[in-house]
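Here, each number is a calculation from the coordinates, and none is a lab measurement. These figures come from a predicted structure and were not determined experimentally. In this analysis, Cβ positions are derived from the backbone assuming ideal geometry, glycine residues included, and neighbour counts consider all displayed protein chains.
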Amino acid sequence: AVAIGPASGSVAVVTADGDKNRPVTKVITLLKDMQKQLQKEADEDEAIYDKMACWCQTNDREKTEAIKTAEVRIDGLTTKIEELTAGSARLNTEIKNLEKEIAENQDSLDKATAIREKQLAEFNAEEKDLLESVSALKAAITVLSKHHSGGFLQVANNRILGVAATLENELSKHAALLQGVLSPSERRAAAAFVQAPADYFDAAPTFKQSYAPQSGEIFGILRQMLETFESNLSAAQKEELANQKAYEELKAAKQDEIKAGQDQVDTKTGELATTDENNAQAKVDVEDTKASLSADEQFLMMLKEKCAMTDKEWEERQKTRQLEMEAVSQALAVLSGDDAHDLFTRTFNPSFLQIEGSDRREAAAKVLSTVADKVHNPRLATLAYQVKLDAFTRVKKAIDDMIAQLLKEKDDEIKHKDFCTDEFHTNQLQTEQKDREEQDLTATIEDLSMKIEGLAKAIEELKGEIAEMQVQLKRAGEDRELQNKEFQSTVADQRETQKLLTSALQFLKDFYHKKTAFIQKQEPVGPPPPAGFETYKNNAGSGGVIQLIQQIISDAKAMEAEAIRSEEDAQKAYEDFVKETNASIEAKSKDIVEKSEVKARAEGDLVETKEAKEAVILELEQLSNYNAQLHQSCDFVLKNFELRQTARDEEVEALRQAKAILSGAKFEEFLQKV
């Protein structure tokens, strides 16, 4: 058992022989347990750190590879989207053109059908009319044929009137058709029959019928009209068959063209649907890939931050635990030594220990002086001197104030150290992000610069080609003009040559082809005259000259014709060249406009990208300046943090020990608790 009690301002400690070292033994046992617990915690921390390090390495590698794969996939999908968009535009244009062709073919077919229906209606009406006329004429002929075959038998009056009515109706209805078919006399006979049909069929012929019965003439007129109508009906039917055949051929051709066009529309519509579907899917894929890329980049940034913090925490925990284990080991070594054992034996015995006030001052001053010398703190040295001279109350008040000040400085220094650590980490992350942005912008600037350079070069080449074509066009025009002038001169020379040669030829022909007769005049009776001229003969070379002139004229005409053909060919070639060159110039000019627009957009993007890069560089400079400021403010604190904290803790502990020594009753309570 242990008994502790006050006696005359001193502390007395009484212990039994068997338990005189029991309090210190408990402390040693606790320290050994602490060593085991600290080692166990160190092993657990190491296992946790190994798992975290493995997680960091694996995910860093996987996410970095995933980001590279996503960037490659985005580039491929972007190219695919551009190709599919161009293909969709091309298919839409082709479908519109095909639909236009189908509409035109359908319109042509509809017009042809309308014309065919009109022709058919007209034919049906004409055929019906002719059939009715043929039927009526056949009936009339039948009536008249009975009269003739029956030996001029009396015919019923109503039938005669019916024949007359039929004849009058057909003459009136088909006047245009019968134009030129019936002679004037036949028309007069028909008109007379219509006016007085009964006179043609009397049993006893009148004076008007003293000659052969006129009914035979009417019979012939009716047969002639019948043949005309039947012939016209046959021609109309043949024409109808030809029109129907032509329409069927046209209809079949147009339907084939429409079907072929519609098949192409269906095929291209299917291709368009597939292209648009693939384009939409590619756009969805690129958005999904971008979202996945953004998520992977954010995760990788978080991973690097977390892993960096874990590494830092692991180092701090290792260092702190090592210091703690060293402190425990040192305390255990101090308490387990032989000298300490003897000291504890002497301390915890039945004798009385008295400490006088002056002795406590000396002990407290000695503690403070020792720590002041160790940490080089003039405030502690001053306080140690004051402990020797001043009263306990003032000294303890000074000790309390200094402990509070030291604790405040310790807390401020910890906050400053945490602030520095966080700011350094944030500054590093922001700098890395801005470095990546600068690299991306630099790559974009290079790409845009190369694109602009390529476009500018292509535009200059196109301009040079256009200028060269314009020069060639001008030269061709000048050459054509010279050729035409030469042609005009050649043709004029040939025609003038032909004119002169024709004139000369005409003079020769007029002379040599003219038959001249030299008539011998009768001489008067008298002596004979002297010998006269010999017979005049044409020049032997006149025929060759005439043929040569004719050959030269023929050659001149042939040369003129050849010159005209050459001129026409040259003119056509020139017109074709001008047409093709102008078309090429127009196409190249359009290409220049398009490339200029693309170049202008690229230049605008380049300006914006350079401005963005300058902004990023400015931010990097600001981050670098802030980093330098952090180093100025934080390097000393971070480098000496542990040393300063340890020194400050030693100062506080020394102050507390000195105060405990000066506070007699409190020191006794401390010994009792131990």
Using Cα positions and a limit of under 18 Å, work out the lysines in reach of LYS659, with same-chain residues fewer than 8 apart set aside.
LYS366, LYS388, LYS396, LYS397, LYS673
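State which entries of LYS36/LYS415; LYS254/LYS579; LYS290/LYS610; LYS259/LYS283; LYS485/LYS557 exceed 26 angstrom in Cα-Cα distance in the structure shown.
Numbers: LYS36/LYS415 32 Å; LYS254/LYS579 33 Å; LYS290/LYS610 24 Å; LYS259/LYS283 35 Å; LYS485/LYS557 19 Å.
Over 26 Å Cα-Cα: LYS36/LYS415; LYS254/LYS579; LYS259/LYS283.
Taking 41 Å as R0, compute the FRET efficiency from the Cβ-Cβ separation of SER449 and GLN472 and round it to 0.05. Please report the intermediate quantities before stating the final value.
Details: r = 34 Å, r/R0 = 0.84.
Calculated transfer efficiency: 0.75.
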Which of LYS80/LYS304; LYS128/LYS173; LYS304/LYS417; LYS68/LYS434; LYS40/LYS410; LYS319/LYS417 exceed 23 Å between C-alpha atoms? The answer is LYS80/LYS304; LYS40/LYS410
Around MET450 (Cβ within 14 Å, Cβ-to-Cβ, excluding MET450; K/R +1, D/E -1) the net charge comes to -2
What distance in nm lies between label points placed 7 Å from Cα along the C-beta direction at GLN483 and GLN571?
1.2
What are the radius of gyration and Dmax of the stretch 35-119, computed over its Cα atoms and given in Å?
35.5, 120
For THR490, what charge total do you get from the other residues with a beta carbon under 10 Å from its beta carbon, if Lys and Arg give +1 and Asp and Glu give -1?
-3
Measuring from a point 7 Å past the Cα of GLU594 along Cα-to-C-beta, which residues in the stretch 454-498 have an amide N at less than 18 Å?
454-466
If I model a spin label as a point 7 Å beyond the Cα along the Cα-Cβ vector, how far apart are those points for PHE299 and GLU614 in nm?
3.9
Compute the signed sum of charges (Lys and Arg +1, Asp and Glu -1) over the other residues within less than 9 Å, Cβ to Cβ, of LEU441.
-1
For ALA192 paired with ASN92, estimate the spin-label separation in nm (one decimal), with each label point 7 Å from Cα along the Cα-to-Cβ line.
8.6
Provide the FRET efficiency to the nearest 0.05 for the SER633-GLU324 pair, computing r from the beta carbons and using R0 = 41 Å.
0.90
